[in-house]
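Okay, structure first, notes after.
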Amino acid sequence: MDFKDLKKIKDIVYHKNYIPRFMTLLLGVTLLAINYNLFLIPNNLVIGGTSGLAIIFQEIFHISPQIFLYITSILLLIISFIFLGKGDTLNTIIGSFLYPLMVSVTVPLANILKNYFVFDSFLIIALLAGLISGFSNGIIYKSGFTTGGSDILMKILNKYARIPEGKSVLYTNILIILLGGFFFGINKMIYAIIILFISSTLVDRILIGISNSKLFFIYTKETEKVRTFILEDLKSGVTLLETKGGFREEKGLLLMCVVNTNDYYYFKESVLAIDPEAFFVINDCYEVRGGVRKN
């Protein structure tokens, strides 16, 4: 598969059902921004990512979170263009600018809602913030978009340091949450961990799945093209299994590969772009050991 074929597949995937997917992204980002202005910023709850850093910088340097998010989004997009290339960067541009924009736009609404969302227990605030964050991120990822930010750094670490995205997200968030605990106290840090746990659980188990990876079994007439796509674009391994049909007893090949949950939408739609008649079975993959990624 040459570069033109790969570019064609990416164009098909990124433009498929674009309007409904964009509306889902807009809903998710709006809810995420309201949650940020309504619960996280006023209560100094640092749950990781550039949004968490924005709250810390507000405390130290008195820089508004909105300005910090705009600056970091631009810088990270430039870094993404340099290290990840034009293709991967284009898919994050919309979310990268939309999120800080909606954080700015929803400030008046959040100020109104503060009069109604008054709770005696701080735990209720943490539970609501976690649920809204998890639902919002879940539908954003499911639509095939991201909000950029720290996601770009994770992809760079994954590409060049060979650190799995799941681990890089975990390590980065832990570091940012610890910084939040240093500036705002242990109590706020514990509540932030609760929010992050609820959010991650909701994303994984309700909206995307119950595992960090998906196991694909694929039967297609375009076996070689799909195999090449997996090796060259996903930089992942694939196993070819000899098969024999139960009805006609025709011999064929079945492709088996493990895909990161974040790549689920892109991979599924890419296979269908290569072969619209492809047949595949997708299972949750609870644990993956061994194997190597193609350099």
Top positive-direction residue, dipole computed over the chain with Cβ charges, set L272, L45, N111: L272
Given the rule -39500 (n - 2.57) for each run of at least 4 DSSP H residues, summed and divided by the residues of the chain, what is its mean residue ellipticity at 222 nm, to the nearest 500 deg cm²/dmol? -20000 deg cm²/dmol
Against the longest alpha carbon principal axis of the chain, how many degrees, from 0 to 90 and to the nearest 10, is the axis of helix 122-142 turned? 30
Would you work out the Kirkwood radius for the chain? I mean one over the mean of 1/r across all pairs of different Cα atoms, in Å. 20.5
Measuring with a 1.4 Å probe in the full set of protein chains, what accessible area per residue, in whole Å², belongs to the stretch 227-266? 61
Relative to the chain, whose Cα atoms define the longest principal axis, helix 186-202 and its Cα axis are tilted in degrees, nearest 10, by 30
Point-charge dipole on Cβ atoms (K/R +1, D/E -1) for the chain, about Cα centre, debye to 20: 280
Toward the positive end of the charge dipole of the chain, about the Cα centre and with charges on Cβ (Lys, Arg +1; Asp, Glu -1), which of C285, M189, M102 goes farthest? C285
What distance in nm separates the two pseudo spin-label positions at I112 and F183, each 7 Å out from Cα along the beta-carbon direction? 3.0
Ranking request for peptides 221-233, 55-67: highest mean number of other beta-carbon atoms within 10 Å first, then the rest in descending order. 221-233, 55-67
What is the percent of Cα-Cα separations in the stretch 1-90 that go past 21 Å? 52
Taking Cα atoms, the helix 86-105 axis meets the longest principal axis of the chain at an angle in degrees (rounded to 10) of 30
Low-density loop trypsin sites (Lys or Arg not before Pro), the stretch 159-196, at most 14 other Cβ within 10 Å, DSSP non-H/G/I/E/B, are R162
Taking a probe of 1.4 angstrom, what is the accessible area of T89 in Å², to the nearest 10? 10
Sort out for me the Cα centre separation of the stretch 119-196 from the stretch 224-284, rounded to whole Å. 32
Would you work out the relative contact order for the chain, in percent, from Cα pairs under 8 angstrom that are 6 or more residues apart? 22
Average projected area [Cα convex hull, the stretch 63-220], square nanometres: 11.6
Solvent-accessible surface (1.4 angstrom probe) belonging to I19, in square angstrom, nearest 10: 120
Accessible area of the stretch 137-259 belonging to carbon and sulfur atoms, whole % at 1.4 Å probe: 61
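The values are calculated or read from the model by the stated rules, or taken from the named source; none is laboratory data. Remember, it's a predicted structure, so these values are computed and weren't measured experimentally. So basically every Cβ, Gly included, is an ideal-geometry build from the backbone, and we count neighbours across all protein chains shown. Ligands, DNA and RNA are excluded from the accessible area calculation, which covers all protein heavy atoms including side chains. Shrake-Rupley method; radii C 1.70, N 1.55, O 1.52, S 1.80 Å.
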